[in-house]
Amino acid sequence: MVRRQQAADRALRPKLRSPGHPRYQRHVEAAFWTEIAKGLLSEEAAAVIGVAPAVATRWYRQCGGMRPFDSKPPSGRYLSFSEREEIALLRAQGKGVREIARDVDRHPGTISRELRRNAATRSGKLDYRASVAQWKAAMAARRPKTAKLAANPKLHAYVQERLSGQVTTSGGMPIAGPVTDSWTGRNKPHRKDRAWVQAWSPEQIANRIKLDFPDDESMRISHEAIYQALYIQGRGALKRELILCLRTGRALRAPRARSRRKTWAHVTPEALISQRPAEAEDRAVPGHWEGDLIIGLGRSAIGTVVERSTRFTMLVHLPREEGYGTIPRTKNGPALAGYGAISMKKALANTMSTLPEQLTRSLTWDRGKEMSAHTQFRVETGIPVFFADPRSPWQRGTNENTNGLLRQYFPKGTDLSRWSAEEIEAVAHALNTRPRKTLGWRTPAEAFNEQVRLLQQTGVATTG
């Protein structure tokens, strides 16, 4: 009788492959995608749910950043992992099927099938273990539905033509466009040519098809189904490289919440511009500075620092670090372009250490990561650093206007690393000796020197 039941079980479903390491339970994967939806990175979500970062990264990449299944927990009609653990313990104690069924409050037939179908058989006999049983149940429960694009060739051709169809003139003549490199599996190549294709968005395709085929209900598809066909590995409908036909060209879909992540973690509450001394607002008290970078070709940059009341400008020389251009660029690798956090801190500290202490009351910077080491900068120089609000360049208007003047000497799209410290100092001198209307046609150098003289006289008077 037992042999007939085992043969009947094998006839119902094909032989399962060797499980190897039992896969994580479904609720663990569901918890991972819940954390991803909150905006966490794969490594961060892995730490929250307690899996290896490599496992979480593999889940994210294989699914293209999209949740591959419904997050609803399975209904109570199916055995849970905790029930399977209890069954395994009771079985190890030598209890029979009906006694186990009474203890776990299940039908004896359910327990009998569970012990036969989902038992481990590698040892040559039925050895029931909860982890293996859970894996086998999950494999058997899979009912992969054929993707609509894979089952309907006409719909597939329509979608693919609107995504990757060739660009033509109004007369129908095809235009080849630029020659592009083969897809590497990464995001769209920056500063390189992309293929010229129709490039309709999935939303445009999903809504336009209703106008083109108003009476054909088989020619219907949602834009989300098109995204799933592009991003989720193994759907078998559209080639993965067709993501380059999307406007963003992302190899992995980014959750919406991730775009709202706090990208300025180095901006602490005490470093907000709202905490800056009120005396800096009316420019009556000298010594409050504004700073930023001007960026050039090949990740070159020059630091700019401007005093608010006198408009006196100082330029920070940011030479390349040793190894730039010879060491391959790697993710999270060393910052060799010259304006990494540590390099920027050192160069800025060297530049501003030449100023009198009374003329270095504060520094207001943009939110760039080059000032991530502002705490160490304050410890070394005694100059507090404050950061402007997001997308508020007007809060550093003096610096922004000065950067516009500097573009006469350092145009956009030029390599700024070719200029030496002496050469950029000459440009700063030219700017500081140019008369300004806001200063009553005095030069910034004259206004700044006057402030220095006042400080020296005050110091002498106090000493005497």
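For the chain, the residue among Ala37, Thr375, Ala388 whose Cα projects farthest onto the positive side of the dipole built from Cβ charges is Ala37.
Its relative contact order, with pairs defined as Cα atoms under 8 Å and 6+ residues apart, puts segment 76-182 at 17 percent.
At a probe radius of 1.4 angstrom, the accessible area of segment 367-464 per residue rounds to 59 square angstrom.
With every protein chain in place and a 1.4 angstrom probe, the accessible-area ranking of Ile49, Ile100, largest first, reads Ile49, Ile100.
In this label model, Lys192 and Trp441 are separated by 5.7 nm, measuring between points 7 Å along each Cα→Cβ vector.
When the GluC sites (Glu not before Pro) in segment 165-255 are filtered for DSSP coil states and for at most 16 other beta-carbon atoms within 10 Å of their beta-carbon, the remaining sites are Glu217. Only Cα sites of the chain enter the Debye sum here, all with the same form factor; the resulting log10 I(q)/I(0) across q = 0.11 1/Å is -1.04, listed in q order. Here's how it looks for Val316: its modeled amide H is under 5 Å from those of Gly303, Thr304, Val305, which are all 5 or more places away or on a different chain. Here the dipole of the chain is about 3120 debye; that uses its Cα centre as origin and unit charges on the Cβ of Lys and Arg (positive) and Asp and Glu (negative).
A cut-off of 5 Å between modelled amide H atoms, ignoring neighbours fewer than 5 places along the same chain, links Leu272 with Phe387. By a 1.4 Å probe calculation restricted to protein chains, Tyr227 has an accessible surface near 50 Å², given to the nearest 10. Go through segment 268-367 and name the GluC sites (Glu not before Pro) that are in a DSSP coil and have 16 or fewer other Cβ atoms within 10 Å of their Cβ. In loop regions of segment 268-367 (DSSP not H, G, I, E or B), the sparsely surrounded GluC sites (Glu not before Pro) are Glu281, Glu321, Glu322.
In the structure shown, the pairs Lys145/Lys239; Lys188/Lys412; Lys38/Lys145; Lys95/Lys125 are assessed against 26 Å; a Cα-Cα span above that value is assigned to Lys38/Lys145.
The values are calculated or read from the model by the stated rules, or taken from the named source; none is laboratory data. No experiment lies behind these values; they were computed from the predicted model shown. Here the Cβ is made from the backbone with ideal geometry for all residues, glycine too, and neighbour counts use every protein chain on show. Heavy atoms of the whole protein, side chains included, go into the accessibility calculation; ligands, DNA and RNA do not. Shrake-Rupley method; radii C 1.70, N 1.55, O 1.52, S 1.80 Å.
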